[in-house]
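Since the structure comes first, as structure tokens, the remarks are kept for the end.
None of the figures in this text is laboratory data; all of them are computed from the coordinates on show. Computed from a prediction, not measured in an experiment: that's the story for all the values here. Cβ: placed from backbone, ideal geometry, glycine included. Neighbour counts: every protein chain shown.
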Amino acid sequence: MKSLLSLPLLLAASLATAQDARPPATPIRADKIILVGDSTTAVQSGWGSSFCSHHVSSFIACLNLARGGRSSYSYRAEGSWDIALAEMKTGAYDRTWVLVQFGHNDQPGKPGRSTDLATEFPTNMRRYVEEIRAAGARPVLVTPLTRRMFKDGRLDDDLAPWADAIRKVAKEMDVPLVDLHARSVAAVQALGPAQSMRLAEIPPVSWMIAAAQTGTTIDHEVPPMPDVPPDPSGRPPLGQPKWQFDYTHLGVEGADFFAAIVADELSRAVPELRERMYP
């Protein structure tokens, strides 16, 4: 009876001895990337999800906090920036990088969101950089993804001034720059008006394709895809994304296309991340 009672103790001692004999584990050093921006970065409509899914290793936690319809002003005003700041201060990661892309909704004609290009927009971008650094994280500025509208075979680049403003802030504040605007302008111009349509959320209608084949796109909103039918069980409905064709937002192919560009630019701008990223 005595030997049976001591058996668990013997097994525990043996296990402890075996564990003690193991070499010490190498502490993990993991990084974190936080994406901040508008719909061209956000899930479902931007490049961010593809970037997080396909271009970072398991030693990088990638969190997409971009939200559709936001500008450099409204993202902060609504409280989204407070959430991002909290994510920068977890303390568990070796380094935290914050990629910030705004511009689309800072343009004129966006009620409650537009910012003045000469004064407010660059001030907002500088403030983001300052607060990222104050939180112990590392900022990376991203110039805005181009729209894909053409006139007479040439890309109508309406976001160039906002890209220039971001480049200037990055240079003045010594911040790594992902020049997505320059790369996307070159890529979309090379594809042309008809081929670049395939990067959208859903295919265009036939008459829009015909117009694009002449070299000039038609900026006309196509009705979104129909809503998902109600759940017959009576449960609350699932969220319903409003996919539609336009010249700004991205479907799966578009997201994959531009996420690869972002990954390439980031690996050049931030060499410390290169060995933890995939092309």
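Here are some conditions: (1) without any contact (Cβ under 8 Å) to a residue 24 or more places away in the chain; (2) assigned to a helix (DSSP H, G or I); (3) surrounded by fewer than 18 Cβ atoms within 10 Å (Cβ to Cβ). Gly192 meets all but one. Which one does it not meet? Answer for Gly192: the failing condition is (1). Taken together, Arg276, Arg198, Arg183 contain a single residue that is within 19 Å of Gly153 (Cα to Cα), in contact (Cβ under 8 Å) with a residue 60 or more places away in the chain and among the charged types (D, E, K, R), which is Arg183. Taking the range 138-179 as the range and being within 26 Å of Thr217 (Cβ to Cβ), among the acidic types (Asp, Glu) and not in a helix (DSSP H, G or I) as the test, the residues that pass are Asp152, Asp156, Asp157, Asp158, Asp179.
For the range 164-181, the set of residues classified as farther than 19 Å from Glu130 by Cα and surrounded by 17 or more Cβ atoms within 10 Å (Cβ to Cβ) consists of Asp179, Leu180, His181, listed by residue number. If you take the residues in the range 198-207 that are in a helix (DSSP H, G or I), surrounded by fewer than 21 Cβ atoms within 10 Å (Cβ to Cβ) and not hydroxyl-bearing (Ser, Thr, Tyr), which one is farthest from the chain's Cα centre (by Cα)? Step by step, filter the range 198-207, then rank; the result is Trp207.
Restricting the range 54-78 to residues that are touching a residue at least 40 places away in the same chain (Cβ under 8 Å) and over 26 Å from Pro122 (Cα atoms) leaves a set whose member that is surrounded by the most Cβ atoms within 10 Å (Cβ to Cβ) is His55.
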